[in-house]
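What follows is a short report on a single structure.
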Amino acid sequence: MKQICIVLIFLLLSIQSLYSHHTGSSDSPNATARFVDPFTGKREKPTNYLVMTQDYYQSTRENSHLFTTTAFAEMNFFDGRFALNASVPWNYYQQRGREDAARIGKTYLGFKYQPFFDLDKPYFFVIEGSVGFPSGPDTDRFTGGNYYTGTGFIKLGYLYEKWSFVTKIGGLSPLSRPQPNNLQDNDGVPYYFRKASASPPEPEYEFKKTALVSAYVTYYLMPEISLFTGLLYRNPYNGVDYSKEKDKANPSYFTEGSAGFSWNFSEKYNMSLAYRYPLQRDREYRLYQSAWTFAFSMEWGSD
């Protein structure tokens with residue numbers, strides 16, 4: 001799957017060279033303002049750009065530190081009204097009492113679309129969606145769930161003088177049923193080809209649609225430097241893979257606060273740093289103690 005994603009990214013870049021391209025920006029400060037999501041490090045509006053995001057999760061539920069590196073590429077069409085994108089994460093688990101481990105995460109292909117509004121106006125409306133592909137049965141190499149996942153969001157943003165306000169509403173939904181496998185030896189043999197005696201146990205998880213709502217405020221100290229803070233809400237707490245156990249370790253929702261800054265140190269290059277803090281603090285069920293998100297992005301194409 002990783003190889004497929006890399007090929008698709010290079011294909012998008014090749015197609016881009018055949019068209020006249022724009023970043024959807026102009027001389028207007030409303031159009032050139034970067035709206036950077038503090039929870040993901042990605043841009044909110046369709047843009048030609050590449051971004052490398054590094055997340056660090058301190059003291060997760062498994063008593064390990066998690067490092068997630070995500071490569072994300074996006075290319076826009078139709079003067080910045082539509083974009084295609086792809087992302088691949090890589091997870092490294094720094095574990096206590098066990099050997100460290102690394103896994104490739106779920107690959108996503110997606111789009112963004114601005115259906116109306118003048119791009120130079122101080123507000124925007126974006127529809128965003130993506131499909132996550134099955135990670136496969138080999139849990140020694142991949143993570144993220146061996147099923148298809150769909151995401152969909154509506155994003156609204158408004159820029160007023162030195163302040164910008166963005167809200168994002170949507171969620172995740174499983175697009176395929178669980179495919180139980182006997183993963184004891186990771187041989188990848190589908191469950192329907194196994195003998196009855198080799199049937200896997202009843203799964204401990206069920207698929208649930210997950211609602212996500214986030215909002216953040218950005219203050220522009222100057223055109224190049226901005227500060228932001230935001231809140232995120234997710235229900236159910238455990239996301240698509242929802243535990244069937246109804247106990248304190250599986251509360252119904254999750255909330256997180258975030259604060260950080262973004263720096264456009266040139267016309268095409270941007271970096272952002274955000275500190276993320278789960279608001280549920282009970283050690284028995286928190287996802288992690290705290291997290292940092294660092295993102296470095298590079299735009300390309302002419303304005």
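The values are calculated or read from the model by the stated rules, or taken from the named source; none is laboratory data. These numbers were taken from a predicted model, which means no experiment stands behind them. All Cβ positions, glycine included, derive from the backbone under ideal geometry; neighbour counts span all protein chains shown.
Identify all residues within segment 257-267 that are surrounded by 15 or more Cβ atoms within 10 Å (Cβ to Cβ) and in a loop (DSSP other than H, G, I, E, B); write none if there are none.
Matches in segment 257-267: Asn264 only.
For segment 209-220, does any single residue satisfy the condition of being exposed (fewer than 12 other Cβ atoms within 10 Å of the Cβ) and either more than 19 Å from Asp55 (Cα to Cα) or at pLDDT 90 or above (or both)?
No, there is no match, as no residue in segment 209-220 is exposed (fewer than 12 other Cβ atoms within 10 Å of the Cβ) and either more than 19 Å from Asp55 (Cα to Cα) or at pLDDT 90 or above (or both).
Just a yes or no: is a residue in segment 140-148 surrounded by 14 or more Cβ atoms within 10 Å (Cβ to Cβ), modelled with pLDDT of 85 or more and over 24 Å from Ile104 (Cβ atoms)?
No, segment 140-148 has no match at all.
If the Cβ limit is 7 Å and pairs must be 6+ apart or interchain, which residue in segment 142-165 that is farther than 28 Å from Thr229 by Cα and of a type in the set (Val, Ile, Thr) pairs with which residue that is modelled with pLDDT of 90 or more and surrounded by fewer than 20 Cβ atoms within 10 Å (Cβ to Cβ)?
Note: pairs meeting the criteria are Thr143/Asn91; Thr143/Arg103.
Just one of Glu206, Glu202 is in a loop (DSSP other than H, G, I, E, B), at pLDDT below 75, closer than 26 Å to Gly132 by Cα and acidic (Asp, Glu); which is it?
Result of the check over Glu206, Glu202: Glu202.
Quick grid of which residues meet (1) assigned to a loop (DSSP other than H, G, I, E, B); (2) within 21 Å of the chain's Cα centre (by Cα); (3) loosely packed, with under 14 Cβ neighbours inside 10 Å; (4) among the β-branched types (Val, Ile, Thr):
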site: Pro251; (1), (2), (3), (4): yes, no, no, no
site: Asn270; (1), (2), (3), (4): no, yes, no, no
site: Arg276; (1), (2), (3), (4): no, yes, no, no
site: Ser290; (1), (2), (3), (4): no, yes, no, no
site: Thr293; (1), (2), (3), (4): no, yes, no, yes
site: Ser297; (1), (2), (3), (4): no, yes, no, no
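Given the conditions (1) of a type outside the set (Asp, Glu); (2) over 21 Å from Val240 (Cα atoms); (3) touching a residue at least 24 places away in the same chain (Cβ under 8 Å), which single one is not true for Gly171?
Evaluating Gly171 over (1) of a type outside the set (Asp, Glu); (2) over 21 Å from Val240 (Cα atoms); (3) touching a residue at least 24 places away in the same chain (Cβ under 8 Å) leaves (2) as the failure.
Only one of (1) in a loop (DSSP other than H, G, I, E, B); (2) crowded, with 19+ Cβ neighbours inside 10 Å fails for Phe153. Which number is that?
For Phe153, the exception is condition (1).
Within segment 82-105, is there a residue that is acidic (Asp, Glu), at pLDDT below 90, surrounded by fewer than 14 Cβ atoms within 10 Å (Cβ to Cβ) and within 28 Å of Ser64 (Cα to Cα)?
There is at least one residue in segment 82-105 that is acidic (Asp, Glu), at pLDDT below 90, surrounded by fewer than 14 Cβ atoms within 10 Å (Cβ to Cβ) and within 28 Å of Ser64 (Cα to Cα).
Would you confirm, using the coordinates I've provided, whether Gly144 is outside any loop (DSSP other than H, G, I, E, B), closer than 23 Å to Phe294 by Cβ and out of contact with any helix residue (DSSP H, G or I) (no Cβ under 9 Å at 6 or more places or on another chain)?
no
Go through (1) free of Cβ contacts under 8 Å to residues at least 24 places away in the same chain; (2) within 27 Å of Ser176 (Cα to Cα) and name the single condition Phe117 misses.
Against the list (1) free of Cβ contacts under 8 Å to residues at least 24 places away in the same chain; (2) within 27 Å of Ser176 (Cα to Cα), Phe117 comes up short only on (2).
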